[in-house]
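K.L.:
So that we are looking at the same thing, I have put the structure below in structure tokens.
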Amino acid sequence: MLLKRKIYNDLLKWKNDTQGEKAILIEGARRIGKSTIVEEFASKEYESYILIDFSKKDQEVEGYFYQYLNDLTTFFMMLQVHYGVELVKRKSVIIFNEVQMFPQARAAIKFLVADGRFDYIETGSLISIKENVKNIVIPSEERHISMYPLDFEEFCWAMGQQMLIDYIKTCFQKKEPLDRSMHNKAMLLFKEYMLVGGMPMPVIKFIENDQSFSVADQEKRDILSLYRQDIMKINTNYRDKVLLIFDQIPGFLSSHEKRVVFDQLKKGQRALQYQETFFWLSDSMIANMCFSCNDPHLGFSLNEDRTYIKCYMGDTGLLVSHAFDENSLLEEGVYKNILSGKLSINQGMLYENVIAQMLVANGHKLYFYTHYNQELHRNDMEIDFLLSGKSRVSYSIFPIEVKSSKNYTIKSLQKFNQKFHKRIGNVIKLS
């Protein structure tokens, strides 16, 4: 089953815009569907293609990069013979899959693009990790693009609900509520999306097995196991810290403030000691980091406080499987309670995580805001997410509060609006 993905149009735009003058590098977490989408694109948009999968460690092919880069005609001839594929000038593409596992191929992009005979697509995870860029010159002839789990719209496409998505968009543009029956249908789909997530294989298994959450859950647990194996391969002194944070993500998000409290991890620990840890989790795209912005009057990045961090899972479906063991999901009726909106514990962490996931997929860096009241000795203002306006002429702030239940207050939003009203574009409450 092939899933319709928005990134296909991004690849088409790259092909038409660059005309072979730049390679494209698709970054994404493991099992996100990078290989599938590039093969689909290559088969539909080119006369022929060669896919070199560096995860298979084919020493003969890797040897071509050492022996023949000074003679590209021979280099291409050897590839064609090895793979049994005829390449056609300006009508073929060569794919470097999991290019981080053979950095020399990435370094060769400069010469291959300059040669101009073919197009090049690279896919990879952990692209910026030190071990994967050591001793190579990063080519300027690359255009980078990030790939994320299926968003809700893509999930609805997979579920055959294109017309419902079109209806939602129409209502949003008109600022009209959905018809109640359509609203209920959309919310049920959204809850299914949170439970299954957007990793391609769990979505496919969910659909192909009569919408079985259990079958999808097993696929998600396989992915989580793969992520743990990747962490165990880290050959530096922060491997244990990465594993500790990864295992604790559901615990952080189920707490009231949802942020990482370093002193609770280990007595005397500080944020500075975990910088490489969060870089690895963020670069692997396993997790999305959200930093505190202590003065949103100016650019968020100028005032971010990296000692206060929230750590969200890159995919909410994976968070569900990460947070509950297999027995708990069934015996405690987690699926049923989430679908019916009756899960009293942990529901907030799921909704907040899925909003973080959507914001990141739309190109936003995550920031939150808290204000500590010295007189009350507690936080009296908490804003889940802050977005900045795109205009370079007037700087605008868009505070977002996420509410998982029907009973909620908006005191923090009101206080924030009062304090920063001159800078606020729109105040957004999602419930």
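K.L.:
Collect the residues in region 232-256 that are open to solvent by less than 50 Å² (accessible area, probe 1.4 Å) and either free of Cβ contacts under 8 Å to residues at least 40 places away in the same chain or under 16 Å from Met289 (Cα atoms) (or both), keeping them in residue-number order.
P.N.:
Result: Val242, Leu243, Ile245, Phe246, Ile249, Pro250, Gly251, Phe252, Leu253, Ser255.
K.L.:
Return the residues of region 24-52 that are under 17 Å from the mean Cα position of the chain (by Cα) and either in a loop (DSSP other than H, G, I, E, B) or farther than 14 Å from Thr123 by Cβ (or both); say none if nothing qualifies.
P.N.:
Gly28, Ala29, Arg30, Arg31, Ile32, Gly33
K.L.:
Filter region 140-153 for residues that are farther than 14 Å from Met194 by Cβ and outside any loop (DSSP other than H, G, I, E, B) and give the result.
P.N.:
Glu142, Arg143, His144, Ile145, Ser146, Glu153
K.L.:
State yes or no: is Tyr167 open to solvent by less than 10 Å² (accessible area, probe 1.4 Å), more than 25 Å from Asp315 (Cα to Cα) and modelled with pLDDT of 95 or more?
P.N.:
No.
K.L.:
Report yes if Gly84 is over 33 Å from the mean Cα position of the chain (by Cα) and among the small types (Gly, Ala, Ser), otherwise no.
P.N.:
yes
K.L.:
Let me ask something else about it. From the set of residues in region 280-318 that are modelled with pLDDT of 90 or more and charged (D, E, K, R), which is farthest from Tyr193 (Cα to Cα)?
P.N.:
By that ranking, first place goes to Lys310.
K.L.:
Restricting the search to region 347-369, which residues are surrounded by fewer than 19 Cβ atoms within 10 Å (Cβ to Cβ) and either part of a loop (DSSP other than H, G, I, E, B) or among the small types (Gly, Ala, Ser) (or both)?
P.N.:
Listed by number, the residues that qualify are Asn362, Gly363, His364, Lys365.
K.L.:
If you check every pair at least six apart or on different chains, which have Cβ atoms under 7 Å apart with a residue in region 32-48 that is at positive phi and buried (at least 17 other Cβ atoms within 10 Å of the Cβ) first and a residue that is assigned to a helix (DSSP H, G or I) and not hydrophobic (A, V, I, L, M, F, W, C) second?
P.N.:
Listed by first residue and then by second, the contacts come to Gly33/Pro200.
K.L.:
Same structure, new question: Quick one: in region 124-150, of everything that is at pLDDT 95 or above and touching a Lys or Arg at 6+ places or on another chain (Cβ under 9 Å), which residue is nearest to Ile355 (Cα to Cα)?
P.N.:
Ranking the qualifying residues of region 124-150, first place goes to Leu150.
K.L.:
Same structure again: Output the residues belonging to region 331-361 that are out of contact with any Phe, Trp or Tyr (no Cβ under 9 Å at 6 or more places or on another chain) and modelled with pLDDT of 90 or more.
P.N.:
Across region 331-361, the qualifying residues are Leu350, Tyr351.
K.L.:
When you scan region 138-160, how many residues do you find that are under 23 Å from the mean Cα position of the chain (by Cα) and among the polar types (S, T, N, Q)?
P.N.:
1
K.L.:
Another question, then. Step by step: first the residues of region 81-123, then only those that are closer than 23 Å to Ile231 by Cβ and among the aliphatic types (A, V, I, L, M), then the one that is modelled with the highest pLDDT. Which residue is that?
P.N.:
The extreme case among them is Val99.
K.L.:
On to the next question. The conditions are (1) out of contact with any Asp or Glu (no Cβ under 6 Å at 6 or more places or on another chain); (2) without any contact (Cβ under 8 Å) to a residue 60 or more places away in the chain, and Lys205 fails exactly one of them. Which is it?
P.N.:
The failed condition is (1).
K.L.:
Return the residues of region 62-99 that are hydroxyl-bearing (Ser, Thr, Tyr) and not in a strand (DSSP E or B); say none if nothing qualifies.
P.N.:
The answer is Tyr64, Tyr66, Tyr68, Thr73, Thr74, Tyr83.
K.L.:
Run Leu189 past the list (1) in a loop (DSSP other than H, G, I, E, B); (2) under 22 Å from Met313 (Cα atoms) and report the number of the one that doesn't hold.
P.N.:
Going through the list (1) in a loop (DSSP other than H, G, I, E, B); (2) under 22 Å from Met313 (Cα atoms), Leu189 breaks only (1).
K.L.:
Please find, within region 62-106, the residue that is farthest from Ser43 (Cα to Cα) out of those that are open to solvent by 20 Å² or more (accessible area, probe 1.4 Å) and among the aromatic types (Phe, Trp, Tyr).
P.N.:
Tyr66
K.L.:
Here's something else I'd like to know. Which ones in region 4-23 are open to solvent by less than 70 Å² (accessible area, probe 1.4 Å), of a type outside the set (Lys, Arg) and either over 14 Å from Tyr46 (Cα atoms) or part of a helix (DSSP H, G or I) (or both)?
P.N.:
Result: Ile7, Tyr8, Leu11, Leu12, Trp14, Thr18, Ala23.
K.L.:
Considering region 210-231 alone, what residues qualify as being under 16 Å from Leu126 (Cα atoms), open to solvent by less than 40 Å² (accessible area, probe 1.4 Å) and more than 18 Å from the chain's Cα centre (by Cα)?
P.N.:
none
K.L.:
Here's another thing I want to ask about it. From Ser321, Ser328, grab the single residue that is hydroxyl-bearing (Ser, Thr, Tyr) and either modelled with pLDDT under 75 or open to solvent by 40 Å² or more (accessible area, probe 1.4 Å) (or both).
P.N.:
Result of the check over Ser321, Ser328: Ser328.
K.L.:
Now, a different point. Pull out all pairs, ordered by first then second residue, where Cβ-Cβ is under 8 Å, the residues are six or more apart or on different chains, the first lies in region 87-103 and is within 20 Å of Val137 (Cα to Cα), and the second is of a type in the set (S, T, N, Q) and in a strand (DSSP E or B).
P.N.:
Taking only residues 6 or more apart or on different chains, the pairs are Ile95/Thr123; Phe96/Thr123; Asn97/Thr123; Glu98/Thr123; Val99/Thr123.
The values are calculated or read from the model by the stated rules, or taken from the named source; none is laboratory data. Source: prediction; values computed, not measured. Backbone-built Cβ (ideal geometry, glycine too); neighbour counts: all protein chains shown. For the accessible areas, the whole protein counts, side chains as well, though only heavy atoms, and no ligand, DNA or RNA atoms are used. Shrake-Rupley method; radii C 1.70, N 1.55, O 1.52, S 1.80 Å.
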